[in-house]
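A short worksheet on the structure shown next.
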Amino acid sequence: MNFKRSLVFGLLGTFALGAMAQTPPAWPTRGPIKLVAVFPPGGSVDQVARILQVPLQTALGQTVIVENKGGASGSIGAAQVAAAPPDGYTFAVVFDTHGVNPALIPNLPFDSKKDLTPIVLVGTSPMVLATFAGSDYKTFADVVAAAKAKKNVSYGSIGSGSLGHVAMTLLGKNGGIDWAHIPYKGGGPLMNDAVAGHVPLSIGSVFVTKPHIDSGRMRPLAVTSSKRSPDLPNVPTVAESGYPGFEAPAWWAVLAPAKTPPDILKRMNDALNAVLKSPEIAKKLDAQGIDVVGGSADVARVFIDKQMDIWAKVVKDNGIKAD
């Protein structure tokens with residue numbers, strides 16, 4: 001009897017140990033969890049990371065910090081995360097440049113598709129083609145007419161190879177529109193010249209452009225999203241202005257190092273979606289001109305891979321180089 005009892009308890013113990021071995025360790029068990037914002041403080045990537053930081057900390061029950069690691073269109077910060085241990089304590093908050101960089105920057109120290117795994121697409125935003133208040137351009141059609149009449153139309157973007165630059169290049173090529181690109185070192189310098197009329201047109205995110213539209217110093221002509229922006233409901237899309245199917249949204253996403261365990265990715269995706277569904281957080285992102293997307297990691301991966309494929313072709317076909 002004692003032998004049988006010992007055998008039963010021994011088997012039960014074995015099963016218990018086996019079950020424990022199969023149960024993944026809880027995550028997160030410590031802090032801090034690091035969100036690497038791949039651009040300097042003050043821009044939209046930094047703002048998104050800091051909007052997510054506090055509620056994510058509450059959702060995960062651990063300290064979350066934001067670390068800014070700017071440079072090379074976001075690729076330096078992305079490289080840092082790609083090289084980080086895949087243990088759930090380092091993530092990247094990236095911008096739409098992440099979809100252009102693989103084609104634009106030679107010899108990236110990481111593979112954008114293989115070394116980083118998307119967790120969630122935070123949101124998208126239209127870019128706005130705008131002109132200064134005293135401009136002769138009243139509509140997007142005016143710009144197209146001037147460009148086709150060879151009137152030396154030029155536009156500024158936040159830099160060579162930026163989404164604004166490649167989007168305008170694609171639009172010009174598909175529409176037979178001849179316009180010159182003037183690269184700036186970021187949204188601040190671009191808007192300073194655009195407001196003053198030193199550059200006749202600007203292409204930039206709602207985040208960068210809308211304050212100057214609201215002040216009456218800039219006139220919006222078109223947005224690059226497939227549908228009109230809720231923030232600029234009276235501004236037509238490029239698609240409805242004679243270029244059906246055209247779409248070039250700005251976007252923000254959270255990524256993890258490849259090989260991060262699936263259970264950690266799932267928990268982080270769940271936490272981020274809970275944060276994004278909060279009306280308070282959605283309102284804060286909307287104030288930055290961002291339309292929340294959220295959803296599964298697969299939604300993010302499909303979207304980002306498509307962006308990489310679209311812009312790689314534009315960069316290659318037009319010989320676009322980084323600054």
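Nothing in this text is a laboratory measurement; each read-out follows from the coordinates by a stated rule. Remember, it's a predicted structure, so these values are computed and weren't measured experimentally. Here Cβ is always computed from backbone atoms with ideal geometry, including for glycine, and neighbour counts include all displayed protein chains.
Return the sequence-ordered ³J(HN,Hα) values of the range 314-321 in whole Hz as given by the Karplus equation 6.51 cos²θ - 1.76 cosθ + 1.60 applied to θ = phi - 60°, using x for Gly and Pro.
Ordered by residue, 3J(HN,Hα) equals 5, 4, 5, 5, 10, x, 6, 10 Hz.
State which entries of Lys151/Lys321; Lys283/Lys306; Lys114/Lys227; Lys138/Lys316; Lys113/Lys151; Lys173/Lys266 exceed 30 angstrom in Cα-Cα distance in the structure shown.
Lys114/Lys227; Lys138/Lys316; Lys113/Lys151; Lys173/Lys266
Helix-derived [θ] at 222 nm for the chain: sum -39500 (n - 2.57) over DSSP H runs of at least 4, divide by residue count, nearest 500?
Value at 222 nm, helices only: -13500 deg cm²/dmol.
For the range 117-220, what's the relative contact order in percent, using C-alpha pairs closer than 8 Å and at least 6 residues apart?
Numbers: 157 pairs, mean separation 43.0, N = 104.
Relative CO of the range 117-220 lands at 41 percent.
Angle, helix 2-22 long axis vs. longest principal axis of the chain, Cα atoms, 0 to 90°, nearest 10?
10
Beyond 28 Å, what percent of the Cα pairs of the chain remain?
Within the chain, distances greater than 28 Å cover 44 percent of Cα pairs.
Assigning unit charges at the beta carbon (Lys, Arg +1; Asp, Glu -1) and nothing else, what dipole magnitude in debye, to the nearest 20, does the range 127-241 show about its Cα centre?
120
Considering Cα pairs under 8 angstrom that are at least six residues apart, work out the relative contact order of the range 14-172 and quote it in whole percent.
Values: 162 pairs, mean separation 30.8, N = 159.
Here the relative contact order equals 19 percent.
Taking the chain as a Gaussian network, where each spring joins two C-alpha atoms under 10 Å apart, which residue of Gly74, Gly161, Gly186 fluctuates the most?
Checking each option, the largest mean-square fluctuation is seen for Gly186.
Let me check against my output: what whole-number percent is the relative contact order of the chain, with C-alpha pairs under 8 Å and at least 6 apart?
25
Based on other C-beta atoms within 10 Å, arrange Trp252, Trp179 from fewest to most. List each step's numbers first, then the result.
On the way: Trp252 25, Trp179 20.
Ordered from fewest to most neighbouring Cβ atoms within 10 Å, Trp252, Trp179 come out as Trp179, Trp252.
Under 16 Å Cα to Cα from Lys284, which lysines show up? Leave out anything in the same chain fewer than 8 places away.
Qualifying lysines at Cα under 16 Å: Lys210.
Run the reach check for Lys150 against aspartates and glutamates, Cα to Cα strictly under 15 Å, same-chain hits fewer than 8 apart removed. What comes back?
Qualifying aspartates and glutamates at Cα under 15 Å: Asp142, Asp178.
Mind pulling the angle between the C-alpha long axis of helix 44-60 and the longest principal axis of the chain? Nearest 10 degrees, somewhere in 0 to 90.
Taking the Cα atoms of the chain, the angle to 44-60 is about 20 degrees.
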